[in-house]
Structures are given as C-alpha cells and as structure tokens.
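This report concerns only the one structure given below.
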C-alpha cells in the first residue's frame, strides 16, 4: 500500500509531530483536537452561571464559598478531525513534476493523520471533479486514497474555483481543507472560495506549488512558451519580456498572499526542488506551536 508514494524513513521522522487543527473541530469520536462543543475533558475552558436543570456535579463549590453564587465549570471537549485533500490535476500541474510532488506530500500527511486517529478524504479535479474519496479514518481506507492519487494524470483546464465552492458546501461539519495547486486562475475569483470555506468554519491551508523555472525565469535564448491549458503559444526573446513577466508574477503572488491573510487562510509557497519532508515538518511544527 502506498508504494512509491510514502517513504518509511520520512514517516518515522515526521511521526514525532502531529497535525493540529487551528480551529475547533467537530467529529463523532473522542480525539486530540478542540471541539466547538463544551464537554468534560481535562482542559478548563470557562465558568458560567448555574441555571435550573444543570448537572450539580459540575458546580464549583470553592467559587460558591467566595461569592455565594453558583457557577459551573466548562471544559474543552476533544474531538477527531476530518481532513480533505484537494488536488489540482489540470495540465499545468504536469510542468516540472508538480503533480508528483503533491502526491507524495498528500500521501505522507494522509498516513500521519490516519495514524493519529483522524479521517482523511481526497478530491481530485481538473475542469471538473476527476475523482473523490470520502473521508474515513481506518487504515484500510488509505489504500483507496493512494489508489486515487496514483490514478490521476495532469490534463485539461483548472476548475479550482468551482471545486472549492463545492467542497465548502459538501464537507460535513468543521473540517481541515488542504489545497494543493499552482493556483493558475484568477485571484479575484479564487479569494471568494477561501471566504466561503472560512464562512463554513473550515480550517483552510493552501500549498501553492510552483516550479523553480516559473519563479526565476532563467531563459536566455528565443523560446516558445506554451499554455498547457489552452492552444495559446508565444515565441519570444526572454530578455524582452522578462521585466513584464516578473511584474505580473509579483503582482499575482502579492494579491494571493494578501487575500489569504484577509480570509485567515494559511498560505505556503512550495517549490518542487525543495525537500518535501522539510516542507511538511515545518508545516506540522508551526501548527503545533499555534495550539
């Protein structure tokens, strides 16, 4: 199971960390993530005044002795997590091995999540949804998710906007949504998707996957640039378009990062020549530090 998608040595090192949700999660089993519901776990949340019908076993008699008023202790209830991986399989994800890089990151995170008792699901899309694997928490389910990752290939236009709006409505309760895409679509159309997901109380992280050539534009001789998602092609001298290329790229990146901050979406730029283990370790550690 997961042959060529997960590295046992990487898994062993990353198991020391655990993927934490930044927001309260809702699940159907006891787990390690904070819930929006009050319960009786070991972590104190707040006091509230007693009202008729409350369980008197939760009364804090020390507070009563000091104030002559009845107060109840409330605690954070822990819950399990549902995580949904959203994978862009459009044609541009074939450039520089972006899709394969994402496959390894998703497979590794999915394995870690199931090992810590959480449920994982997968949605692969291009112009429309290519395949969907529902969120489940048993180890046998990982085989289905890995099969889904292996089956997809980069082709067609991106349907990132419609895929995210659809998931915002379909994903039950509060979920962790992890998006893996080069985000080659209109930023002004993409940001309302983030707003929609956050409105539905989902915890959202975007892995913006790029190839080094897209960031550095190290072309020196006349080159035919081909749009992998349309018939458009351009034969150009790189020096004549370099300045304009970087202006547009920097404008695009700045707007995307600003929009992510605006809608409290975790943004992580990923370059395919980096170590995916280091990327995931940093992601896990930073999430643990915020909890």
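Tabulated data for the structure shown
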quantity	calculated
Test: residue in region 169-177 that is touching a helix residue (DSSP H, G or I) at 6+ places or on another chain (Cβ under 9 Å), surrounded by fewer than 19 Cβ atoms within 10 Å (Cβ to Cβ) and over 25 Å from residue 271 (Cβ atoms)	yes
Output for region 74-113, where each listed residue is modelled with pLDDT under 95, in a loop (DSSP other than H, G, I, E, B) and crowded, with 24+ Cβ neighbours inside 10 Å	81
Residue list for region 188-237, filter: more than 30 Å from the chain's Cα centre (by Cα), surrounded by 12 or more Cβ atoms within 10 Å (Cβ to Cβ) and closer than 19 Å to residue 154 by Cβ	225
Residue check, residue 251 surrounded by fewer than 16 Cβ atoms within 10 Å (Cβ to Cβ) and over 30 Å from residue 82 (Cβ atoms)	yes
Given (1) farther than 22 Å from residue 195 by Cβ; (2) in contact with a helix residue (DSSP H, G or I) (Cβ under 7 Å, 6 or more places away or on another chain); (3) at pLDDT 90 or above; (4) surrounded by fewer than 20 Cβ atoms within 10 Å (Cβ to Cβ), number of the condition residue 145 does not satisfy	(4)
Residue 267 being in contact (Cβ under 8 Å) with a residue 24 or more places away in the chain, within 15 Å of residue 210 (Cα to Cα) and touching a strand residue (DSSP E or B) at 6+ places or on another chain (Cβ under 7 Å)	yes
Which listed residue, of 154, 134, is modelled with pLDDT of 95 or more, over 13 Å from the mean Cα position of the chain (by Cα) and over 14 Å from residue 106 (Cα atoms)	154
The lone exception for residue 173 - which of (1) closer than 25 Å to residue 254 by Cα; (2) under 17 Å from the mean Cα position of the chain (by Cα) it fails	(1)
In region 265-275, the residues that are surrounded by 14 or more Cβ atoms within 10 Å (Cβ to Cβ) and assigned to a loop (DSSP other than H, G, I, E, B)	265, 272
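The values are calculated or read from the model by the stated rules, or taken from the named source; none is laboratory data. What you are looking at is a predicted structure, and each value in this text was computed from that prediction instead of being measured. Cβ sites come from the backbone with ideal geometry, for glycine too, and all protein chains shown count toward neighbours.
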